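The values are calculated or read from the model by the stated rules, or taken from the named source; none is laboratory data. Please read all numbers here as calculations on a predicted model, not as lab measurements. Don't worry about glycine lacking a Cβ; one is built from the backbone with ideal geometry, like all the others, and counts go over all protein chains shown.
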Amino acid sequence: MPVVAPASSGYNPDEPCLVQFACGVNKWIWDVRQGGVVLTAQDFKYGQGTEQFAELAALWSTYRLDSVQVEFVPS
């Protein structure tokens, strides 16, 4: 996916830009900064276009482990 700064954002092609990506538990984001100002940014949930995240959440709630019990028997 191309990262495009809007023409009205104040982008200056003669100055360096910082493109930043960050990932979290439920989503990932990117932004473009120049001179400390965010020119453009976008965030996406994982599987947003395919509903994969909703399917994974349903699977997790169905098949997750609520607890684990360990019994230690000395020899």
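Take Val70 and tell me if it is loosely packed, with under 11 Cβ neighbours inside 10 Å and in contact (Cβ under 8 Å) with a residue 24 or more places away in the chain.
Values: loosely packed, with under 11 Cβ neighbours inside 10 Å: yes; in contact (Cβ under 8 Å) with a residue 24 or more places away in the chain: no.
Considered against the rule, which asks whether it is loosely packed, with under 11 Cβ neighbours inside 10 Å and in contact (Cβ under 8 Å) with a residue 24 or more places away in the chain, Val70 comes out as no.
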Can you name the residue in segment 30-75 that is of a type in the set (A, V, I, L, M, F, W, C) and part of a loop (DSSP other than H, G, I, E, B) and, of all such residues, is nearest to Asn12 (Cα to Cα)? Leu65
Which residues, taken from segment 24-43, are free of Cβ contacts under 8 Å to residues at least 12 places away in the same chain and surrounded by 10 or more Cβ atoms within 10 Å (Cβ to Cβ)? Gly24, Val38
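I need the full set of residues from segment 40-58 which are of a type in the set (Asp, Glu) and either in contact with an Asp or Glu (Cβ under 7 Å, 6 or more places away or on another chain) or within 29 Å of Leu18 (Cα to Cα) (or both), in order please.
Going residue by residue through segment 40-58, those that are of a type in the set (Asp, Glu) are 43, 51, 55.
Residue satisfying the conditions is Asp43 alone.
What is the residue count in segment 9-27 for residues that are closer than 24 Å to Gln48 by Cβ and modelled with pLDDT under 85? Even if it seems obvious, please write down each step before you answer.
Taking segment 9-27 as the starting set, the residues that turn out to be closer than 24 Å to Gln48 by Cβ are 9, 19-27.
Okay, now just the ones that are also modelled with pLDDT under 85, so 9, 24-27.
Matching residues across segment 9-27 total 5.
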